[in-house]
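In what follows, a single structure is set out as structure tokens and then discussed.
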Amino acid sequence: MNKGERVNQFMKGEGLQKLIAVLALIILYMFFSFFGKYFLTVDTFISILDSSYYIGFLSIGATFVIIAGGIDLSSGTVMVGSALIGGVAYNVWGLPIALSLGIVMLSALIFGAINGLLVGKIGLPPFIATLGIQFISLGYCSVIAKVQTQTYPSLISKDGWFKQFVYKNEGFPMGIIWLILFFIIAWVILNKTVLGRYTYAIGSNEEAVELTGIKSNNWKILVYIVNGFFCGLAGIIYAATYSTITPQTGNGQEMYAIAACVIGGTSLSGGIGSLSGTILGVFVISVLKTGLLSMGLPVQWQQVLIGVVVILAVLMDVIRMKNLKRFSLT
Amino acid sequence: MEQKKKNILEMRDINKYFVGAHALDNCCFTLQKGEIHALVGENGAGKSTLVKIMTGVYTDYDGEYLFCGNKVHFQGIKEAQQAGISVVHQELNMMNDLTVAQNIFIGRESKGFFCSDKKLNEKAQKLISDFDIKVKPTELLKNLSVGKAQMVEIARAMSFESTKVLILDEPTAALSESESHDLFEKMENLRKKGISIVFISHRLGEIMKIADRVTVMRDGAYIDTLKVCECKIEEIICLMIGREIIEEPKQRSGVKENAPTVLEVTNLKSSKVKDVSFILNKGEILGFAGLVGSGRTEVMRLIYGVDKKESGEIFVNGVKRQINHSKDAIKYGIGYLSEDRKRFGLMLGLSVMDNIVLPSYTKLSKFGFVSKKKCLSETYRLIKQLKIKTFDTNQIVKKLSGGNQQKVVIGKWLLQDMDILIFDEPTRGIDVGAREEIYIMIKKLINQGNSIIVISSDLTEIVRLSDRVMVMSEGKITGELDISEANQEKIMTLATQG
């Protein structure tokens with residue numbers, strides 16, 4: 001394959017979408033630099049990073065699920081719900097903070113496993129299974145918290161060390177280090193391991209995978225558990241960033257994750273996508289969120305605009321799929 | 001001047017470009033009134049592209065297109081259809097959950113807002129009786145056999161009163177011999193009514209039987225148009241591939257006299273399979289003949305562990321085995337190549353390499369980490385061995401031709417070192433050249449000590465490849481023939497037994 005061919009194939013794949021994501025990021029950044037107040041400041045830059053952590057972790061998990069041909073509508077509520085249970089463990093049960101964070105992870109992993117079992121073992125469509133878990137996690141975690149808001153220790157308190165560790169250390173955004181670290185780990189899993197290759201294969205044609213002697217259902221369960229793991233990480237960093245966790249919140253956050261994936265070129269029909277694209281998508285969203293705030297627009301405008309961005313990104317995905325189909329007919 | 005038959009459709013010097021490819025190079029095509037005109041060529045020869053220009057799917061092309069003597073440039077399928085060109089595609093375009101009548105009149109249910117099923121059914125009934133198709137207008141399409149569904153689609157195409165030209169794109173690919181025969185009768189009737197038919201097929205035998213003229217295409221170029229009654233199959237094949245095929249003489253592929261039995265199946269039963277027993281010997285090609293829907297694929301799916309069997313036992317190398325999932329079958333050395341490679345065999349959106357190494361990842365990885373180097377070298381080896389035409393290992397499988405896609409599927413199994421390979425319709429939708437290569441490959445596998453089962457609806461293929469033939473009909477095995485006594489008539493007789 002010569003160079004032109006290669007470029008051609010790249011552009012027909014998720015490459016074009018990635019390129020557009022990069023351009024969008026640059027244009028948005030320039031736009032807000034001109035029109036936003038105090039946008040070009042270190043503080044704003046850090047707050048862009050801050051808002052990217054939990055979306056970032058959710059999106060990494062979502063990338064696995066979507067490439068495997070599924071979808072997770074429960075990740076937002078699982079994240080907040082797990083953080084809430086961790087808060088209960090710390091405030092009510094009086095567990096040490098480290099153990100409480102462990103409980104956040106455990107809770108998210110359990111929800112991930114339930115999603116996996118519902119999809120892989122029982123055979124529910126992912127949309128329905130995870131929608132159910134969205135409600136269950138939202139309600140159940142609030143019940144455990146007796147519908148009380150849970151507060152994590154502040155930065156300066158005795159147990160505040162965990163915030164310095166995962167979120168911010170004397171102004172330095174620690175979160176970005178963790179995001180980079182787990183991005184690399186996730187990248188290795190998706191690109192260098194059998195699990196990753198099966199993830200793409202299942203999303204591309206599950207029936208064919210099944211007939212090749214691979215128990216695709218078991219691998220799908222694993223994919224949802226990986227997703228649960230990243231929801232747990234998101235829960236920890238969410239707790240560290242926002243400190244107060246309110247019951248009955250969190251739904252809607254999964255849409256940011258799904259949007260980030262799609263903006264970055266991951267196809268909702270499965271089999272196509274990349275983590276690098278997803279991270280680009282994450283920053284498009286957090287720049288958009290922070291930038292709109294800096295323009296003094298009400299929060300509701302964020303929702304409108306992000307909705308528009310998601311629709312545009314999915315539209316591109318649809319067009320790309322059509323092009324692929326047309327090409328194959330020749 | 002000799003009175004020439006009237007040309008209803010004429011295409012001159014058609015050129016069509018795709019990104020980076022010259023898909024049609026000065027193509028010509030003429031269709032006379034009331035003739036059956038076959039269009040042949042290997043996959044990728046440009047038949048589909050030409051048809052798409054004919055029917056208005058592609059609108060950007062150069063060249064002259066005359067229809068009924070007028071210069072035309074259709075701007076869409078609808079325009080072509082209104083002018084009188086109807087097409088029946090290879091893959092049926094029908095709504096499975098609607099009735100026959102609803103399918104036929106889809107888009108033309110009524111002139112107003114409300115529509116009545118009763119009227120539709122009456123209209124459909126008339127059409128169906130005209131065509132002598134044995135279905136009820138109220139029957140759901142999914143309950144019809146492929147053959148009947150195809151007839152319904154042709155009836156739909158002909159229900160446009162303006163239709164003068166009917167294009168059939170590989171109509172017989174999924175049909176059994178008797179269904180094909182039915183179809184040819186219908187085509188003959190249409191011809192008598194003055195309808196012109198463009199008939200695309202890979203089966204040259206059919207073309208010799210039914211067509212008046214045949215146009216051969218190769219690599220996007222027009223090669224020649226011949227009168228069928230004046231030429232031989234071999235001539236057409238030569239034109240199609242540009243070289244001669246040497247037919248191997250029919251012979252047993254060297255099964256030893258007392259070769260051990262590698263696979264024995266006894267009393268296999270399921271809803272579609274009725275008490276099937278057979279054995280496969282080492283180094284043997286066992287052909288499975290029968291009509292479409294006779295249960296051949298179902299038997300193999302039971303053996304391979306995809307479907308659940310009600311009863312029956314499977315012995316591999318003399319040992320009784322429980323096979324509940326394809327994973328078990330592979331463990332015991334049985335591989336299955338599905339008849340529907342796009343649905344069950346390939347991940348179309350992924351690369352050649354991803355497809356070939358998929359079942360072998362565990363072999364090509366350490367502690368769960370995939371060795372790209374090993375994958376690459378194995379893929380290169382198979383691309384070379386199977387002569388897969390691809391730019392490189394990253395090529396997306398969707399963009400390969402049917403023959404090359406099938407080779408990718410075969411490559412996937414070769415990498416696995418299976419002892420027993422089940423080929424289900426190995427050459428469906430594959431052009432002549434690639435077909436030969438696949439035959440040679442199968443023979444080669446036998447020489448390497450593999451044992452093979454081939455399911456095929458193409459009787460010439462069965463007779464040519466098999467050492468022994470099992471014939472199935474309606475879920476039962478109706479006969480077993482050694483190749484020395486097998487011929488197409490005998491197989492056909494057994495296959496049509498009740």
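The values are calculated or read from the model by the stated rules, or taken from the named source; none is laboratory data. In this text, all values refer to a predicted model and were calculated from it rather than measured experimentally. Methodologically, a virtual Cβ is constructed for each residue, glycine included, from the backbone with ideal geometry; neighbour enumeration extends over all protein chains shown. These accessible areas exclude ligands, DNA and RNA; they are computed on the full protein's heavy atoms, side chains included. Shrake-Rupley method; radii C 1.70, N 1.55, O 1.52, S 1.80 Å.
Of note, B:N103 satisfies the criterion of being closer than 30 Å to B:R341 by Cα and in a helix (DSSP H, G or I). In summary, no strands (runs of 3 or more DSSP E) completely within the range B:174-241 bear 3 or more residues that are within 19 Å of the chain's Cα centre (by Cα), surrounded by fewer than 16 Cβ atoms within 10 Å (Cβ to Cβ) and assigned by TED's automatic domain parsing to the domain that holds B:V292. Comparison of B:G46, B:G84 shows that the only residue that is in contact with a Cys (Cβ under 8 Å, 6 or more places away or on another chain), surrounded by 16 or more Cβ atoms within 10 Å (Cβ to Cβ) and within 28 Å of B:I128 (Cα to Cα) is B:G84. Among the residues of the range B:343-359, those identified as free of Cβ contacts under 8 Å to residues at least 60 places away in the same chain and either within 9 Å of another protein chain (Cβ to nearest Cβ) or surrounded by fewer than 19 Cβ atoms within 10 Å (Cβ to Cβ) (or both) are B:R343, B:F344, B:M347, B:L348, B:G349, B:L350, B:D354, B:N355, B:V357, B:L358, B:P359.
Residues in the range B:307-341 that are in contact with a helix residue (DSSP H, G or I) (Cβ under 6 Å, 6 or more places away or on another chain), among the hydrophobic types (A, V, I, L, M, F, W, C) and within 21 Å of A:N217 (Cβ to Cβ): B:I323 alone. Answer yes if at least one residue in the range B:332-340 is more than 14 Å from chain A (Cβ to nearest Cβ) and of a type outside the set (A, V, I, L, M), and no otherwise. No, every residue in the range B:332-340 fails to be more than 14 Å from chain A (Cβ to nearest Cβ) and of a type outside the set (A, V, I, L, M).
When the test is whether a residue is open to solvent by 10 Å² or more (accessible area, probe 1.4 Å) and of a type in the set (G, A, S), A:A98 passes it.
Rundown of residues vs (1) touching a Lys or Arg at 6+ places or on another chain (Cβ under 8 Å); (2) within 14 Å of another protein chain (Cβ to nearest Cβ), yes/no style:
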position	(1), (2)
B:K384	no, no
B:I388	yes, yes
B:P426	no, no
B:M472	yes, no
B:E489	no, no
B:T493	no, no
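The residues on offer are A:G116, A:G112, and the sole one that is buried (at least 16 other Cβ atoms within 10 Å of the Cβ), in a helix (DSSP H, G or I) and touching a Lys or Arg at 6+ places or on another chain (Cβ under 7 Å) is A:G116. Looking across the range B:269-279, the residues that are assigned to a strand (DSSP E or B) and surrounded by fewer than 22 Cβ atoms within 10 Å (Cβ to Cβ) come down to B:K269, B:S277, B:F278, B:I279. Highlighted here are the helices (runs of 4 or more DSSP H) found entirely within the range A:1-100 that include at least 3 residues which are of a type in the set (A, V, I, L, M, F, W, C) and at pLDDT 95 or above: A:42-67, A:75-91. Listed conditions (1) more than 14 Å from chain A (Cβ to nearest Cβ); (2) crowded, with 16+ Cβ neighbours inside 10 Å are all met by B:K320, apart from (2). For the range A:257-266, the criterion of being open to solvent by 30 Å² or more (accessible area, probe 1.4 Å) and either touching a helix residue (DSSP H, G or I) at 6+ places or on another chain (Cβ under 9 Å) or at pLDDT 90 or above (or both) is met by no residue.
Yes/no per residue for (1) over 23 Å from B:I323 (Cα atoms); (2) not in a loop (DSSP other than H, G, I, E, B):
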residue	(1), (2)
B:G335	no, yes
B:R343	no, yes
B:M347	yes, no
B:T362	no, no
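Starting from residues that are assigned to a helix (DSSP H, G or I) and modelled with pLDDT under 90, keep the ones in the range A:283-297 and report whichever is most open to solvent (accessible area, probe 1.4 Å). Here the answer is A:L293. Cβ-Cβ distances below 9 Å connect the following pairs, each with a first residue in the range B:142-158 that is assigned by TED's automatic domain parsing to the domain that holds B:Q102, a second residue that is modelled with pLDDT of 85 or more and of a type in the set (S, T, Y), and a separation of six or more residues or different chains: B:I154/B:S86; B:R156/B:S86; B:A157/B:S86; B:A157/B:T163; B:M158/B:S86.
Across the range A:138-164, what is the total count of residues that are in a helix (DSSP H, G or I), within 21 Å of A:L58 (Cα to Cα) and open to solvent by less than 40 Å² (accessible area, probe 1.4 Å)? Residues meeting the conditions: 6.
Candidates are the residues of the range B:371-382 that are buried (at least 20 other Cβ atoms within 10 Å of the Cβ) and of a type in the set (A, V, I, L, M, F, W, C); the one that is farthest from the other protein chains (Cβ to nearest Cβ) is B:L382. Listed here are the strands (runs of 3 or more DSSP E) enclosed by the range B:403-479 that have at least 1 residues being open to solvent by 10 Å² or more (accessible area, probe 1.4 Å): B:468-473.
Tell me, please, whether a residue that is more than 18 Å from the chain's Cα centre (by Cα) and either within 14 Å of chain B (Cβ to nearest Cβ) or charged (D, E, K, R) (or both) can be found in the range A:232-244. Scanning the range A:232-244 turns up no residue that is more than 18 Å from the chain's Cα centre (by Cα) and either within 14 Å of chain B (Cβ to nearest Cβ) or charged (D, E, K, R) (or both). Being in contact (Cβ under 8 Å) with a residue 60 or more places away in the chain, among the basic types (K, R) and out of contact with any helix residue (DSSP H, G or I) (no Cβ under 9 Å at 6 or more places or on another chain), is that true of even one residue in the range B:442-451? Checked against the condition, which is being in contact (Cβ under 8 Å) with a residue 60 or more places away in the chain, among the basic types (K, R) and out of contact with any helix residue (DSSP H, G or I) (no Cβ under 9 Å at 6 or more places or on another chain), the range B:442-451 yields no hits at all.
The rows are residues; the columns are (1) touching a residue at least 24 places away in the same chain (Cβ under 8 Å); (2) at the interface with chain B (Cβ under 7 Å from one of its Cβ atoms).
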| residue | (1), (2) |
| --- | --- |
| A:P173 | yes, no |
| A:F183 | yes, no |
| A:W187 | yes, no |
| A:T193 | no, yes |
| A:Y200 | yes, yes |
| A:K215 | no, yes |
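Taking B:T493 and the conditions (1) touching a residue at least 24 places away in the same chain (Cβ under 8 Å); (2) in a helix (DSSP H, G or I); (3) over 19 Å from the mean Cα position of the chain (by Cα), which numbered condition does it fall short on, given that it satisfies the others? Of the numbered conditions (1) touching a residue at least 24 places away in the same chain (Cβ under 8 Å); (2) in a helix (DSSP H, G or I); (3) over 19 Å from the mean Cα position of the chain (by Cα), the odd one out for B:T493 is (1). Among the conditions (1) crowded, with 21+ Cβ neighbours inside 10 Å; (2) over 30 Å from B:Y336 (Cβ atoms); (3) modelled with pLDDT of 95 or more, A:F183 misses just one, which is (1).
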